[in-house]
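Here the structure is laid out as structure tokens; the discussion comes afterwards.
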Amino acid sequence: QVQLVESGGGLVQAGGSLRLSCVASGSIFSTLAMAWYRQAPGKPGDLVALITSNGSTNYADSVKGRFTISRDNAANTVYLQMNSLKPEDTAKYYCRGTIGQKVYWGRGTQVTVSS
């Protein structure tokens with residue numbers, strides 16, 4: 001069983017930056033494909049960014065050029081560096097890990113961007 005714990009959320013002004021972290025328990029982190037999702041109130045969840053076990057990345061169009069996903073396998077951690085934040089980035093951000101058909105989710109961290 002893998003547990004994921006997010007941190008780093010908070011309140012920031014538009015144009016500011018935050019770095020989210022997601023720490024995984026267990027010993028299989030390096031084999032997981034990791035992703036960040038977000039969900040704003042009343043809206044469906046959206047994929048923000050993903051990084052495969054070999055380091056390939058992909059981003060939602062809305063965050064390309066502003067957000068960067070990275071991973072540190074030695075620290076069992078995936079990061080989301082968020083720059084040039086906009087009010088529309090306000091959401092709860094969730095970390096997800098997958099391997100095969102197994103999917104693991106964290107409980108999320110709130111990001112609020114004020115205008």
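The values are calculated or read from the model by the stated rules, or taken from the named source; none is laboratory data. This one's a predicted model, so the numbers in the text were calculated from it and none came from an experiment. Note that each Cβ is placed from the backbone with ideal geometry, even for glycine, and that neighbours are counted across all protein chains shown. Just so you know, the surface numbers come from the protein's heavy atoms only, side chains and all, with ligands and any DNA or RNA stripped out. Shrake-Rupley method; radii C 1.70, N 1.55, O 1.52, S 1.80 Å.
Each Lys or Arg adds one and each Asp or Glu takes one away; over the other residues whose Cβ falls under 15 Å from the Cβ of Asp89, this sums to +4. Counting only DSSP beta bridges with both residues in the chain, the antiparallel share comes to about 90 percent. Here the stretch 10-115 exposes an accessible surface that is 48 percent carbon and sulfur, computed with a 1.4 Å probe and the other protein chains kept in place. Take the Cα of Gln101, step 7 Å toward its Cβ, do the same at Ser70, and the gap between the two points is 3.6 nm. Each Lys and Arg adds +1 at its Cβ and each Asp and Glu adds -1 at its Cβ; summed about the Cα centre, the stretch 22-108 shows a dipole of about 140 debye. With each label modelled as a point 7 angstrom along the Cα→C-beta vector, the Leu11-Thr112 pair spans 0.5 nm. Solvent exposure of the chain amounts to 53 Å² per residue of accessible area, where only protein heavy atoms count and the probe is 1.4 Å.
So what is Rg over Rh here for the chain, counting just Cα atoms and using Kirkwood for Rh?
Values: Rg = 13.3 Å, Rh = 14.0 Å.
Rounded to two decimals, Rg/Rh equals 0.95.
Sort the stretch 56-115 into rounded, prolate or oblate with this rule: let a ≥ b ≥ c be the square roots of the eigenvalues of the Cα gyration tensor; rounded if a/c is under 1.5, and if a/c is not under 1.5, prolate when a/b is larger than b/c, oblate otherwise.
prolate
Packing around the peptides 89-97, 20-28, 54-62, taken as the average count of other Cβ atoms within 10 Å per residue, puts them in this order, highest first: 89-97, 20-28, 54-62.
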